[in-house]
Amino acid sequence: MTRYQVSRRHIVGTFALLFASSALIWGCKTAGGPAGTEIPVGEFASLTGGTATFGQSVHNGDVLAIDEINAAGGVLGKKINLLTEDDQSKTEEAVASVQKLVNSDHVVALLGEVASSRSMAGAPIAQLSHAPMITPASTNEDVTKKGDYIFRICFIDPFQGQTMARFALNSLGKKRAAVLTDVKQDYSVGLDEAFKHTYSTSGGAIVSEQSYSTGDKDFHAPLTSIRATNPDVIFVPGYYTEVALIVRQARELGIDCPILGGDGWDSPELTKGAEKEFNNTFFSNHFATEDPDSTVQNFVKKYEDRYHSMPDAMAALGYDAARILVDAMKRAGSTDSAALRKAIAETKDFPGVTGHITIDPNRNASKPITIIKITEGKFHFAQRIGPEGEALTPFQP
Ligand code: PHE
């Protein structure tokens with residue numbers, strides 16, 4: 001079992017949820033062993049707060065991978081000791097978490113964060129201390145520009161926004177789009193820009209641009225403005241907590257056109273109690289549990305056996321990120337920061353659950369993207385698109 005600790009500094013009421021999903025691991029929590037017998041790896045994640053399912057899922061994926069690695073003997077003759085900090089879905093806590101992991105716990109590398117704004121907040125500290133950081137899931141283009149120690153194993157938002165713009169135009173045949181953006185999230189703003197650029201230069205018209213802020217609950221004003229322009233598709237590049245309310249309120253206002261989004265929609269919380277309202281919605285993602293690929297199906301089975309729930313994209317990305325980090329340690333033959341940084345940069349064709357992963361010269365990953373169609377609250381595989389925008393499977397309407 002993983003030598004594994006979660007900082008309790010900030011863990012509050014919603015801890016019960018985490019406990020439920022990680023009871024097995026929590027039961028095995030132990031203090032770190034004697035110095036030098038373990039490799040300390042830091043994880044900063046939103047285990048509580050507005051995007052809690054992101055942090056909990058990525059954590060489950062990280063732990064699953066690290067337990068497997070430790071059970072198979074660890075790496076470089078040592079076990080991995082995963083040290084986890086809950087940043088409560090807050091940017092300033094992401095900074096404090098990375099500071100603690102780097103300065104007090106002396107981790108050799110960092111896994112995190114999911115949300116782009118929080119990865120961008122933590123990255124300068126990782127860069128300054130030369131602690132290689134791999135974000136499993138932050139898609140905003142600027143994240144890896146923070147320095148040469150900052151990597152990601154997911155695709156980036158220009159690709160995600162472009163894919164959804166083309167999907168709206170070509171697969172759905174919708175030529176008039178409205179956008180509704182969360183101005184408090186770098187992720188949402190970047191995705192919005194990518195979507196608008198491709199859509200309007202590929203034959204579509206953006207008829208309305210509205211915004212909101214993380215934490216908002218009433219979206220009637222922007223939605224009423226959107227309705228007045230009579231769009232035939234709406235793009236909402238937000239996170240699931242707000243998107244759940246936006247789609248529900250849009251349908252209440254009689255807006256029945258397709259609503260599209262990005263990976264920030266991926267949560268078991270998204271459609272709860274609004275299964276009907278979410279019909280005719282689509283989002284781009286990293287992974288689909290229905291994918292018949294055997295790597296995917298093996299992972300889904302292992303995850304279900306352990307956590308008694310289906311993995312979402314963050315869980316799969318967390319699993320891939322932790323395995324890529326350990327693979328790099330193996331190839332580097334050391335946890336020395338410069339050697340580890342170099343080995344991560346040289347990751348080539350790693351057979352991940354979320355696709356084959358090669359780190360490019362900008363420390364990003366070039367990978368396919370999956371489009372999910374939501375029907376009666378269930379996520380179904382609709383199409384896979386390759387990194388050059390090519391359809392790898394036909395669209396399944
Ligand atoms: N891509 C989002 C971001 O950068 C985070 C995310 C990843 C959310 C994967 C859900 C699934 O902020």
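The values are calculated or read from the model by the stated rules, or taken from the named source; none is laboratory data. Given the structure is predicted, the values throughout are model-derived calculations rather than measurements. Note: ideal-geometry Cβ built from the backbone for every residue, glycine included; neighbour counts use all protein chains shown. Please note that ligands, DNA and RNA were not included when accessible areas were found on the heavy atoms of the full protein model with its side chains. Shrake-Rupley method; radii C 1.70, N 1.55, O 1.52, S 1.80 Å.
Explain nothing, just the number: relative contact order of the chain, from Cα pairs under 8 Å at least 6 residues apart, as a whole percent. Across the chain, relative contact order equals 16 percent. Here's the picture: a label point sits 7 Å out from the Cα of Asp293 along the beta-carbon direction, and within the stretch 354-376 the residues with their amide nitrogen under 13 Å of it are 354-358, 366-371.
The charge dipole of the chain, taken about its Cα centre with unit charges on the Cβ atoms of Lys, Arg (+1), Asp and Glu (-1) only, comes to about 320 debye.
The label point for Ser202 and the one for Val183, both projected 7 Å from the Cα toward the Cβ, are 2.8 nm apart. Shape analysis of the stretch 26-143 places it in the prolate category; the axes a ≥ b ≥ c from the Cα gyration tensor give an a/c of at least 1.5, with a/b above b/c.
The overall shape of the stretch 151-287 is rounded: from the C-alpha gyration tensor, with semi-axes ordered a ≥ b ≥ c, the ratio a/c is less than 1.5.
What you get for the stretch 162-260, charging only the Cβ of Lys and Arg (+1) and of Asp and Glu (-1), is a dipole of about 320 debye around the Cα centre.
Between the listed residues Val98, Gly262, Ile80, the Cα displaced farthest toward the positive end of the dipole of the chain, a dipole computed from Cβ unit charges relative to the Cα centre, is found at Ile80. Per 10 Å bin, what is the whole-percent P(r) computed from every C-alpha pair distance within the stretch 305-357? Pair shares across the bins are 24, 43, 23, 9. Give me the distance between the Cα centres of the stretch 183-238 and the stretch 356-388, rounded to whole Å. Here the two parts' Cα centres lie 21 Å apart.
Counting only protein heavy atoms and a probe of 1.4 Å, the accessible surface of the stretch 189-236 is 48% carbon and sulfur. Take the Cα of Leu253, step 7 Å along the line toward its Cβ, and report every residue of the stretch 192-222 whose backbone nitrogen sits under 12 Å from that point. Hits in the stretch 192-222 for Leu253 at 12 Å: 208-212, 218-222.
Taking the 0 to 90 degree range and rounding to the nearest ten, how far is the long axis of helix 313-332 tilted relative to the main principal axis of the chain, both from C-alpha atoms? Once rounded, the angle reads 40 degrees. Listed by chain and number, the lysines placed with their C-alpha closer than 28 angstrom to that of Lys378 are Lys174, Lys175, Lys196, Lys217, Lys272, Lys276, Lys301, Lys302, Lys367; residues fewer than eight positions away on the same chain are left out. Looking at the square roots a ≥ b ≥ c of the eigenvalues of the Cα gyration tensor of the stretch 175-255, which shape do they give, rounded for a/c under 1.5, prolate if a/b is larger than b/c, or oblate? Taking the square roots of the gyration eigenvalues as a ≥ b ≥ c, the stretch 175-255 is oblate. From helices alone, the chain scores -11500 deg cm²/dmol at 222 nm; the rule is -39500 (n - 2.57) for each run of n ≥ 4 DSSP H residues, then divide by the residue total. Per-residue packing, averaged as other Cβ atoms within 10 Å, sorts the ranges 275-286, 57-68 into the order 57-68, 275-286, beginning with the highest. Taking only the alpha carbons of the stretch 126-174, we obtain Rg and Dmax values of 14.9, 49 Å in that order.
Here the stretch 262-351 yields Rg over Rh of 1.09, to two decimals, using C-alpha coordinates and the Kirkwood radius. Model label sites at His130 and Lys348, defined 7 Å from Cα along the beta-carbon direction, differ in position by 2.5 nm. Excluding ligands, DNA and RNA, the accessible surface per residue across the chain is 37 Å² with a 1.4 Å probe.
Each 10 Å bin from 0 upward holds the following percent of the Cα-Cα pairs of the chain: 5, 25, 34, 24, 10, 2, 0. Extension gain for the segment Glu92 to Lys78, taken as residue separation times 0.36 nm less the Cα-Cα distance, is 1.7 nm to one decimal. Here the accessible area of the stretch 268-397 is 51 percent carbon and sulfur, with a 1.4 angstrom probe and all protein chains present. Would you tally the net charge around Glu269, using a Cβ to Cβ cut-off of less than 12 Å, leaving Glu269 out, and scoring K and R as +1, D and E as -1? Spelling it out: positives minus negatives among the neighbours equals -2. The percentage of C-alpha pairs in the stretch 294-397 whose separation is greater than 18 Å is 58%.
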